[in-house]
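Below: the structure, in structure tokens.
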Amino acid sequence: MEFKERTLMAIADMICGNSEAEAFFVYRSSSYLTQFFQDCDTEFVHDGSTRHYWVANTLRQILAEPHPNAQTPPATFLRVIQALMDSADAVNEGSDRPGAVALLNNALAREGFEAFYAEDRQCYLRHIATKKIVSAATDPHRPFSPSELKRRALLLAYLETASEDELIEEVLLPLFRQLGFHRITAAGHKDKALEYGKDVWMKFILPTQHVLYFGIQAKKDKIDSSGVTKSGNANVAEIHNQVMMMLGHEIFDPEIGKRVLVDHAFIVAGGEITKAARNWIGNKLDASKRSQILFMDRDDILNLYVVTNLPLPQGATPEAPVAEDDKLPF
């Protein structure tokens, strides 16, 4: 990822506390610059050269690190922004740092990003065109903080009572948009004859600009392979039929004016997808079809929702007001 030289120099001045940035940012001498980048989990050491030129070059090296896509800067750069905008480092203003945010956004806007503070008092970046929030900590298998566990519990309670349509509209659609999928279209359940086994279809654009199409078959509760399925649960044999319909029917993409086949099918459950159910589908499908099937159960949904900092659905808010110190991102 490449930023304009003007942008790099502006952010470097903020990190150094130079020129107009001096009004809102901490002044950092040589040793403090080294300490700043060490706090960002890097090994850069100031070499005694002109500070803001050295910082700009360091940022250039950081932005050259691997990153998921054009809308997501490297994780190291996101840590640099969070360290730069630490509320405790406010100068001549309150901890919400409106002056510092405005100055930073003047620079970031040239690259299509904007910075903002969330309720956890951390600074995040948002891609302006897609509205996607980018974060340095998006591993769904990492340990969660107490506040994140509380958020996860609220969403779990919501999934216990949500309908299938609410699962799709209030949880899955925002989640997949945040994960970078495009043209997400929900079939709805008013006319099942038009679904052809799909509750949602969407597409994902690879860094090479090739496009993959995905269909989602969502079920509210547990998916099992039992001969006698409990009320509310879904049987894997039914899912198998719907997945085969999904993979065999074309969808119309209005952006290119063509009908296309679904490349991959997501089977998503608001409850558990049992191991026996996964194996049953695997045994029913040949090798080529098995590679097209992806599974997501309740734990996957909960973990991804937490690490992507998505706002909870309206019905998932706690009944009692949350103390100011316990408020969570979004």
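The values are calculated or read from the model by the stated rules, or taken from the named source; none is laboratory data. Treat the numbers as computed from the prediction; the structure is a model and nothing was measured. Ideal geometry is used to build each Cβ from the backbone, glycine not excepted, and the neighbour counts take in all protein chains shown.
The table below lists the values:
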quantity: Test: residue in the stretch 96-109 that is outside the structural domain of LEU175 (by TED's automatic domain parsing) and under 15 Å from the mean Cα position of the chain (by Cα); calculated: no
quantity: Wholly enclosed strands (runs of 3 or more DSSP E) of the stretch 181-240 bearing at least 2 residues at pLDDT below 85; calculated: 182-186
quantity: Failed criterion for ARG97 (all others in (1) at pLDDT 90 or above; (2) on the phi < 0 side of the Ramachandran plot; (3) buried (at least 16 other Cβ atoms within 10 Å of the Cβ) hold); calculated: (2)
quantity: Residues satisfying the stated conditions in the stretch 255-277, i.e. of a type in the set (Gly, Ala, Ser) and touching a strand residue (DSSP E or B) at 6+ places or on another chain (Cβ under 8 Å); calculated: ALA265, ALA269, GLY270, GLY271, ALA276, ALA277
quantity: Residues of the stretch 45-65 satisfying the condition of being surrounded by fewer than 17 Cβ atoms within 10 Å (Cβ to Cβ), of a type outside the set (S, T, N, Q) and without any contact (Cβ under 8 Å) to a residue 60 or more places away in the chain; calculated: VAL45, ASP47, GLY48, TYR53, ARG60, GLU65
quantity: Complete set of residues in the stretch 279-302 that are closer than 17 Å to TYR213 by Cα and without any contact (Cβ under 8 Å) to a residue 24 or more places away in the chain; calculated: SER288, ARG290, SER291
quantity: Residue match in the stretch 19-32 (condition: β-branched (Val, Ile, Thr) and under 22 Å from ALA75 (Cα atoms)); calculated: no
quantity: Residue ID - nearest to the chain's Cα centre (by Cα), chosen from residues in the stretch 169-187 that are of a type in the set (Val, Ile, Thr) and farther than 18 Å from ASP299 by Cβ; calculated: ILE184
quantity: Residue check, THR76 in a helix (DSSP H, G or I), within 17 Å of the chain's Cα centre (by Cα) and at pLDDT below 90; calculated: yes
quantity: Answer from ASP86, ASP39 - the residue that is in the same structural domain as GLN122 (by TED's automatic domain parsing) and more than 15 Å from CYS123 (Cα to Cα); calculated: ASP39
quantity: Residues of the stretch 5-41 classified as among the polar types (S, T, N, Q) and either touching a helix residue (DSSP H, G or I) at 6+ places or on another chain (Cβ under 6 Å) or modelled with pLDDT of 95 or more (or both), total; calculated: 3
quantity: Qualifying position, being closer than 19 Å to ALA23 by Cβ, among the basic types (Lys, Arg) and touching a residue at least 24 places away in the same chain (Cβ under 8 Å), among ARG110, ARG121, ARG97; calculated: ARG97
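Conditions (1) in contact (Cβ under 8 Å) with a residue 60 or more places away in the chain; (2) within 22 Å of ASP120 (Cα to Cα); (3) not small (Gly, Ala, Ser), marked per residue:
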position	(1), (2), (3)
ALA21	yes, no, no
PHE24	yes, yes, yes
GLU43	no, no, yes
ASN106	yes, no, yes
